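Presented below is the structure to which this report refers.
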Amino acid sequence: MSQQLSLFPAFFRVAQKSVAVFGNGDEAFAKVRLLLNTEARIVAYADRPEPAFAAYLSDNRIETVGQPFAAHQVDGAALVFAATGDALADRVIVAAARERKIPANAVDQPDYCDFLTPALVNRAPVAVAIGTEGAGPVLAQMIRAQIDQLLSPSLGLVASLAAGYREAVDRLVPRGVARRVFWRRFFSGPVADHVALGDLASARREASRLLDAADRVSGHVWLVGAGPGAEDLLTLRAQRVMMEADAIVYDALVPQAIVDMGRRDAERLSVGKRKGCHTKSQGEINQLLVRLAGEGKRVVRLKSGDPLVFGRAGEEMAALREAGISYEIVPGITSAFAAAADFELPLTLRGVASSLVFTTGHDLTGDVLPDWARLAVSGATIAVYMGRSVAASVAGRLIKAGLPRETTVAVVENASRAGRRLLHGTLRDLPDLEARSELDGPVMVIIGDAVAGANFERSEPLAAGRRQGAGKTSGAERAEQILN
């Protein structure tokens, strides 16, 4: 489906301008109520207003013209609302407005609307308008209710206070990072807190203190987990800091859709970091983070999964500490959890598996058997990251350590994403994974007795790949070769 709008969202300047509303009933009543959120000079053309509407017009001292419609009545209006409840009459009103080049709106007749009225969240001078191009007015109201809860009632007062400081900020605070940081702190720190409490004097003192320190902006780095790939698994904190970032440094495994969720004018820097394809070394990435933050920039280092799970965050944190640069960790959902969710797989299971090991298959390629391999024999669930290319080694060494060949195995490519692929089998089938060249996305392998509790209805057998590749060495045979 097209992501293009048929309407261009805009705000009309109506302060002290005439806006004409035609109608006697609920439709006109609703438009007048909406317009009272503005400084427009409302003129209600209602020759027989319903009692509640008439009382409202009187109570709010709205200019009312008690005459039937005549074309000249739209003269001089900035906007016209045709809300008589009579479709034909509304079209006549719109025609008169259009003849005079005045934007008009006919209630419930999209073809006779030059503009549509949105659902409105009012925190004047801040306004949030929600439109659905007429497709779902109820949906627009639902969204409005959610946004209304999110925005502080005092937001408009903070915005009004900010207007008084704009000239000083333009004069004293350099453009770019320093100015963005000043306004972020203004709207989300002590200034906003004091306004919310009704203490405007303290809010002004805090604003002046911010202004005095505005030229002393330090860089900062967030090490952010982008999660396994699905955009809606990104945490709220990750989304917030991405909107604050001046630069986003991201790995190849992070989907472009997530990178695009950052601030529109933030600098975007790809550093690769995908198996077999490193466009920058880890040392170069460390230097890049230090340089960007040293320039006073707010930097998001965006990593697939969680930054503290096989993300080499330790090296980046050490480099930032050595350079005296502040940083913080924003956790993400690691791929093992997403893969388990795709399979409806319990990673721990009472009486079966009470421990969980995260590892990479490369831990099993050396001469010394890791301690976690012995844990697998005692019932731990093993989550193997980046395991496709060493699947035969993993299977062979675990079998040699004493894990039964019939131990259940679950494999997920592109966990959490729309294009994910699920496979299942046993430990003796696992070496066949190396021959599945069609799996070019990140692969997670989960091994253990608890895996038998997964839902295999949407997965395919690992052994199916063996049948498709008839004539090749089987998984069991490759595992035997490793054992021997």
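Going by the structure shown, is ARG123 more than 10 Å from PHE22 (Cβ to Cβ) and surrounded by 14 or more Cβ atoms within 10 Å (Cβ to Cβ)? Considered against the rule, which asks whether it is more than 10 Å from PHE22 (Cβ to Cβ) and surrounded by 14 or more Cβ atoms within 10 Å (Cβ to Cβ), ARG123 comes out as yes. Condition (residue is surrounded by fewer than 22 Cβ atoms within 10 Å (Cβ to Cβ), in contact (Cβ under 8 Å) with a residue 40 or more places away in the chain and at positive phi) applied to segment 292-303: is it met by at least one residue? For segment 292-303, residues surrounded by fewer than 22 Cβ atoms within 10 Å (Cβ to Cβ), in contact (Cβ under 8 Å) with a residue 40 or more places away in the chain and at positive phi: present. Only a single criterion out of (1) more than 23 Å from the chain's Cα centre (by Cα); (2) more than 30 Å from GLY164 (Cα to Cα); (3) modelled with pLDDT under 90 is not satisfied by ILE285, namely (3).
A single member of LEU5, LEU34 is touching a Leu at 6+ places or on another chain (Cβ under 8 Å), closer than 20 Å to ALA119 by Cα and of a type outside the set (Gly, Ala, Ser), and it is LEU34.
Taking segment 425-438, which residues are of a type outside the set (Ser, Thr, Tyr) and surrounded by 18 or more Cβ atoms within 10 Å (Cβ to Cβ)? Steps first, answer last, please.
First, the residues of segment 425-438 that are of a type outside the set (Ser, Thr, Tyr): 425, 427-436, 438.
Matches in segment 425-438: GLY425, LEU427, ARG428, ASP429, LEU430, PRO431, ASP432, LEU433, GLU434, ALA435, ARG436.
Is it the case, given these coordinates, that ALA28 is touching a strand residue (DSSP E or B) at 6+ places or on another chain (Cβ under 6 Å) and surrounded by 11 or more Cβ atoms within 10 Å (Cβ to Cβ)? Yes, satisfied. When ARG171 is tested against (1) out of contact with any Ser or Thr (no Cβ under 8 Å at 6 or more places or on another chain); (2) under 24 Å from ALA10 (Cα atoms), only condition (2) is not met.
Here is a check on your reading of the model: is ALA163 in the same structural domain as ALA196 (by TED's automatic domain parsing), at pLDDT below 95 and surrounded by 12 or more Cβ atoms within 10 Å (Cβ to Cβ)?
Details: in the same structural domain as ALA196 (by TED's automatic domain parsing): yes; at pLDDT below 95: yes; surrounded by 12 or more Cβ atoms within 10 Å (Cβ to Cβ): no.
No, not satisfied.
Inspection of segment 137-159 finds no residue satisfying the criterion of being farther than 20 Å from SER326 by Cα, among the β-branched types (Val, Ile, Thr), in contact with a helix residue (DSSP H, G or I) (Cβ under 9 Å, 6 or more places away or on another chain) and without any contact (Cβ under 8 Å) to a residue 24 or more places away in the chain.
So that you can scan it fast, the table gives a plain yes or no per residue for (1) of a type in the set (Lys, Arg); (2) touching a helix residue (DSSP H, G or I) at 6+ places or on another chain (Cβ under 7 Å):
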| site | (1), (2) |
| --- | --- |
| LEU172 | no, yes |
| ARG179 | yes, yes |
| ARG185 | yes, yes |
| VAL191 | no, yes |
| ALA214 | no, yes |
| LEU223 | no, yes |
| MET243 | no, no |
| ILE248 | no, yes |
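Would you check if ILE102 is touching a strand residue (DSSP E or B) at 6+ places or on another chain (Cβ under 6 Å) and either surrounded by fewer than 21 Cβ atoms within 10 Å (Cβ to Cβ) or not β-branched (Val, Ile, Thr) (or both)? Yes; evaluated as a whole, the condition is true for this residue. Can you tell me which condition PRO307 does not meet? The list is (1) assigned by TED's automatic domain parsing to the domain that holds LEU253; (2) part of a helix (DSSP H, G or I); (3) crowded, with 21+ Cβ neighbours inside 10 Å, and all the others hold. Tallying (1) assigned by TED's automatic domain parsing to the domain that holds LEU253; (2) part of a helix (DSSP H, G or I); (3) crowded, with 21+ Cβ neighbours inside 10 Å, PRO307 fails exactly one: (2). Checked against (1) at pLDDT 95 or above; (2) out of contact with any strand residue (DSSP E or B) (no Cβ under 7 Å at 6 or more places or on another chain), CYS277 passes all but a single condition, namely (1).
Of the listed requirements (1) surrounded by fewer than 19 Cβ atoms within 10 Å (Cβ to Cβ); (2) in a loop (DSSP other than H, G, I, E, B); (3) not hydroxyl-bearing (Ser, Thr, Tyr), GLN146 misses just one: (2). The residue that is modelled with the highest pLDDT, counting only those in segment 370-403 that are farther than 25 Å from ASP342 by Cβ and in a loop (DSSP other than H, G, I, E, B), is GLY402.
Has segment 326-343 got any residue that is assigned to a loop (DSSP other than H, G, I, E, B) and either out of contact with any Gly (no Cβ under 8 Å at 6 or more places or on another chain) or among the acidic types (Asp, Glu) (or both)? Checking segment 326-343: not a single residue is assigned to a loop (DSSP other than H, G, I, E, B) and either out of contact with any Gly (no Cβ under 8 Å at 6 or more places or on another chain) or among the acidic types (Asp, Glu) (or both).
Taking the conditions exactly as written (in the same structural domain as MET444 (by TED's automatic domain parsing), in a loop (DSSP other than H, G, I, E, B) and either touching a residue at least 12 places away in the same chain (Cβ under 8 Å) or touching a strand residue (DSSP E or B) at 6+ places or on another chain (Cβ under 6 Å) (or both)), does PRO346 satisfy them or not?
Values: in the same structural domain as MET444 (by TED's automatic domain parsing): yes; in a loop (DSSP other than H, G, I, E, B): yes; either touching a residue at least 12 places away in the same chain (Cβ under 8 Å) or touching a strand residue (DSSP E or B) at 6+ places or on another chain (Cβ under 6 Å) (or both): yes.
Here the answer is yes, as PRO346 does meet what is asked.
Test GLY136 against the criterion of being small (Gly, Ala, Ser) and out of contact with any Pro (no Cβ under 8 Å at 6 or more places or on another chain), and give yes or no. Quick ask: steps written out before the conclusion?
Details: small (Gly, Ala, Ser): yes; out of contact with any Pro (no Cβ under 8 Å at 6 or more places or on another chain): yes.
Against the criterion (small (Gly, Ala, Ser) and out of contact with any Pro (no Cβ under 8 Å at 6 or more places or on another chain)), GLY136 qualifies.
Take the residues in segment 205-260 that are part of a loop (DSSP other than H, G, I, E, B) and polar (S, T, N, Q); name whichever of them is nearest to the chain's Cα centre (by Cα). This residue is THR235.
Restricting segment 51-88 to residues that are in contact (Cβ under 8 Å) with a residue 24 or more places away in the chain and surrounded by fewer than 17 Cβ atoms within 10 Å (Cβ to Cβ), which is nearest to PHE11 (Cα to Cα)? Full working, then the answer.
So in segment 51-88, the residues in contact (Cβ under 8 Å) with a residue 24 or more places away in the chain come out as 53, 56-57, 60, 62, 69, 71, 73-85.
Checking the rest, the ones that are also surrounded by fewer than 17 Cβ atoms within 10 Å (Cβ to Cβ) come to 60, 71, 75-76, 85.
Details: ASN60: 24, ALA71: 26, ASP75: 21, GLY76: 19, GLY85: 26 Å.
Filtering segment 51-88 for residues that are in contact (Cβ under 8 Å) with a residue 24 or more places away in the chain and surrounded by fewer than 17 Cβ atoms within 10 Å (Cβ to Cβ), the one nearest to PHE11 (Cα to Cα) comes out as GLY76.
Taking the condition touching a helix residue (DSSP H, G or I) at 6+ places or on another chain (Cβ under 8 Å) and of a type in the set (Ser, Thr, Tyr), does SER378 pass? It would help to see each step written out before you state the result.
Working: touching a helix residue (DSSP H, G or I) at 6+ places or on another chain (Cβ under 8 Å): no; of a type in the set (Ser, Thr, Tyr): yes.
Spelling it out, it is not the case that SER378 is touching a helix residue (DSSP H, G or I) at 6+ places or on another chain (Cβ under 8 Å) and of a type in the set (Ser, Thr, Tyr).
The values are calculated or read from the model by the stated rules, or taken from the named source; none is laboratory data. Owing to the predicted nature of the structure, the values given are computational and were not obtained by experimental measurement. Virtual Cβ from ideal backbone geometry, glycine too; neighbours counted across all protein chains shown.
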